[in-house]
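Take a look at the structure below.
The values are calculated or read from the model by the stated rules, or taken from the named source; none is laboratory data. For clarity, every value in this text was computed on a predicted model and none was experimentally measured. Cβ placement follows ideal geometry from the backbone for every residue including glycine, while neighbour counts extend to all protein chains displayed. To get the accessible areas, we keep the full protein, side chains included, count just its heavy atoms, and leave off ligands, DNA and RNA. Shrake-Rupley method; radii C 1.70, N 1.55, O 1.52, S 1.80 Å.
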Amino acid sequence: MMCAGKKFYFSAAVCIMTVTSMLAVSYLKLQRLSHQPKVIQEGRRCRGKIAISTITALEGNKTFIISPYFDDRESKVTRLIGIVHHEDVKQLYCWFCCQANGKIYVSKAKIDVHSDRFGFPYGATDIVCLEPKNCDPTHVSIHQSPYGNIDQLPRFEIKNRKPETSSVDFTVCISAMFGNYNNVLQFIQSMEMYKILGVQKVVIYKNNCSHLMEKVLKFYVEEGTVEVIPWPINSHLRVSSAWRFMQDGTHIGYYGQITALNDCIYRNMERSKFVVLNDADEIILPLKHPDWKTMMNSLQEENPGASVFLFENHIFPEAVSSHTFNISSWNTVPGVNILQHVYREPDRKNVMNPRKMIVDPRKVIQTSVHSVLRAYGKSVYVPMDVALIYHCRKGLQGDLPRESLIRDTTLWRYNSSLIMNVNKVLSQTMLQTQN
């Protein structure tokens, strides 16, 4: 009798599990069907005003579109990088206009607010729509409803439609430049160090900076090194210069830094072998290799299948300086001379040093500041004896005497090339005073 009872309960459990699995599969199929593009109009020309701003507010002002990108790594979708209110935006629809057959398709979007929102009401968001199977749309419009007039909606060009071969090895993404940024000398030194280490392109999401800094940016843009992306986020949202929500009525943290970093990865996905995510006052310094290309070749050989490489951040406090490389012609240029700052703070007990990254952009789905959120491939923590991040800024352990700091002159290995290159830039931008 006991045996028969056990068999009954086992059979019942198997039956329940089978039915539950079938219901789950059916639900997923229905969900996918509900997101399939549907033809809503035929015999139409593609109209609507082309969006040209970096940040475009949609009607209702709770959704902001940065840019859409074609993404066929899993299925044929348009992935829009945007910013949305994490609670108030429930439904969005992609409107695709296909020039070839004159049909307009509407596809229900999957709204994926990134997990690293740090308490702010708005966050970086992927708005993902399945594309029509028999059409490769060049533009997309976004609306809160599957009904309406597409002619009244802004149209966004879908980037990355045509695959390209990587034209550069390294692109540095810097986000965001704000607060009337005027650390001119350190910025020039960072740019020249990046070039020495093998960088061909630096992308800067610029909110605002000083007049002098504008002059320097113009020089690097004309040189072909820098691409400036206007970033007027405070025209749309109340921004915080802190990374964590402080219950102060702001909408988004650190001038939308995470959104800009995600956009930068997708923007350079087809044109750069690697994307480097760090700030303008940070430099990844190799200790075993002369440059980044040699270092990354070695790291990839040692870590097959890795797509994300994380480097440990170390603070070189700007308040502690050396008299070496006190170059008089640089003294009139505002900003820090990094060659004079070769003392780094020791590790703190029970405190993890943050990290910044070099990534394969084709393997990243979503990123935060110090780690990726979703990616194909594994992440690797690069040992400090291979490379570290030189970060010259205000110290975090201000009460430490100089004797407690660690003298680290790794940067000086590049001093000759760096001084020569910085002098050329200062001369060409007429920022350098002659002796």
Within region 20-72, how many residues turn out to be modelled with pLDDT under 80 and polar (S, T, N, Q)?
7
Does any residue of region 65-82 turn out to be open to solvent by less than 10 Å² (accessible area, probe 1.4 Å), assigned to a loop (DSSP other than H, G, I, E, B) and in contact (Cβ under 8 Å) with a residue 24 or more places away in the chain?
no
For L339, are the conditions met, namely being in a strand (DSSP E or B), surrounded by 15 or more Cβ atoms within 10 Å (Cβ to Cβ) and in contact with a helix residue (DSSP H, G or I) (Cβ under 9 Å, 6 or more places away or on another chain)?
no
Could you go through region 322-335 and let me know if any residue there is in a helix (DSSP H, G or I), surrounded by fewer than 20 Cβ atoms within 10 Å (Cβ to Cβ) and out of contact with any helix residue (DSSP H, G or I) (no Cβ under 8 Å at 6 or more places or on another chain).
yes
R348, sole failed condition from (1) without any contact (Cβ under 8 Å) to a residue 24 or more places away in the chain; (2) open to solvent by 30 Å² or more (accessible area, probe 1.4 Å):
(1)
Let me confirm something: among D408, D399, which residue is more than 20 Å from the chain's Cα centre (by Cα), surrounded by fewer than 19 Cβ atoms within 10 Å (Cβ to Cβ) and over 23 Å from A280 (Cβ atoms)?
D399
Within region 83-92, restricting attention to residues that are more than 19 Å from L261 (Cα to Cα) and of a type in the set (A, V, I, L, M), which residue is surrounded by the fewest Cβ atoms within 10 Å (Cβ to Cβ)?
V89
Quickly run through region 193-213 and pick out the residues that are open to solvent by less than 30 Å² (accessible area, probe 1.4 Å) and in a helix (DSSP H, G or I).
M193, Y194, L197, M213
Just give me the residues in region 108-122 being surrounded by fewer than 23 Cβ atoms within 10 Å (Cβ to Cβ) and assigned to a strand (DSSP E or B), in sequence order.
K108, K110, I111, D112, V113
Consider A260 against the criteria (1) touching a Phe, Trp or Tyr at 6+ places or on another chain (Cβ under 9 Å); (2) more than 22 Å from Q366 (Cα to Cα): it satisfies all of them except one. Which criterion is unmet?
(2)
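Every residue, every condition in (1) closer than 30 Å to L426 by Cα; (2) among the hydrophobic types (A, V, I, L, M, F, W, C), yes or no:
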position: N326; (1), (2): yes, no
position: I338; (1), (2): yes, yes
position: P346; (1), (2): no, no
position: M352; (1), (2): no, yes
position: R355; (1), (2): no, no
position: D360; (1), (2): no, no
position: V364; (1), (2): no, yes
position: V369; (1), (2): no, yes
Among the residues of region 355-390, how many are assigned to a loop (DSSP other than H, G, I, E, B) and open to solvent by less than 10 Å² (accessible area, probe 1.4 Å)?
2
Which ones in region 214-230 are of a type outside the set (D, E, K, R) and either farther than 22 Å from S427 by Cα or in a strand (DSSP E or B) (or both)?
V226, V228, I229, P230
Looking for something buried (at least 21 other Cβ atoms within 10 Å of the Cβ) and not in a strand (DSSP E or B) - is there at least one such residue anywhere in region 167-175?
no
